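Just below is one structure, and these are the notes that go with it.
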Amino acid sequence: MSHDSDLAARLDRIAAALERLAPSPPAPARFDEADAFFWHAGTLSFEPVAAVNRVPRALLKGIDGAARQLLDNTRRFAEGLPANNALLWGARGMGKSSLVKAVHAEVQAGLAKAKAKPAGGLKLVEIHREDIATLPAALTALRASPHRFIVFCDDLSFDRDDTSYKSLKAVLEGGIEGRPANVLFYATSNRRHLMPRDMVDNERSTAINPSEAVEEKVSLSDRFGLWLGFHNCSQDDYLAMVEGYAKHFKLPIARDDLVREALEWSVTRGGRSGRVAWQFTQDLAGRLGKTLPL
């Protein structure tokens, strides 16, 4: 009996030591604290974001069609109606991520004004591309909430030998549980198919059945029912962006001078985009001694 007692005592000590080494369970998410959150993969927790870095949708020029479609899709989802996952793809610096944040703010403000927040309102949750493998854990927590969520991943893409896209594909549509009814997934990417072209070409050239070789990877994009393309910026769109910023922030500069300086700035940057327009506006405001409150 003494041997059995000694063994039991040792097992109890081992169990106690393992409990001390085990990480504490994540604290329950408190989604009433904010309208936006950041998913921490390491702790499997949601961090409230007090102030989201965004600009009003009206200041995003040259993307009216995409903005209208994303706004309509988001409104339907917020109202409890069917809506699609959205992939915003295309040219760099043309306002893809800015549009997601601006649309969320506009829809949430509309719900508050109407005093009608179906299922507790609309929340924005950002997840890093590197943490996509933990997306199922995040969705488990979101599924149990009365709120509705847009899970947003900026600059989503997958490189050679990266298999985490399989988790995302299953979560979006193909898993046993499927995507929670109170969650939409929005992503931005420079690639329409979320993978480099040379990766597609290599798979196709070395396969017995080229079409089947890339079907699994390419089909990830098909899980997004809404594809919104963003194209290179024309000079007129670029100047409209600059003039919109200058008017919104009441920057004291003559239009001729504004146009001339904006074009010179774009030449030094080697191109035109919404990001270049915003960077020029920041530089101009600084030289004029003005702040840019958003």
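Considering only residues that are of a type in the set (S, T, N, Q) and not in a loop (DSSP other than H, G, I, E, B), look in segment 220-253 and name the one that is surrounded by the most Cβ atoms within 10 Å (Cβ to Cβ).
Among those residues, the one meeting the criterion is 221.
Out of curiosity, is residue 243 closer than 18 Å to residue 64 by Cα and not assigned by TED's automatic domain parsing to the domain that holds residue 153?
Spelling it out, residue 243 is indeed closer than 18 Å to residue 64 by Cα and not assigned by TED's automatic domain parsing to the domain that holds residue 153.
Answer with yes or no whether residue 262 is among the small types (Gly, Ala, Ser), over 26 Å from the mean Cα position of the chain (by Cα), assigned to a helix (DSSP H, G or I) and modelled with pLDDT of 95 or more.
Yes; evaluated as a whole, the condition is true for this residue.
The values are calculated or read from the model by the stated rules, or taken from the named source; none is laboratory data. The structure presented is a predicted model; accordingly, all values stated were derived computationally and were not measured. As a convention, Cβ positions derive from the backbone with ideal geometry for all residues, glycine included, and neighbour counts pool all protein chains shown.
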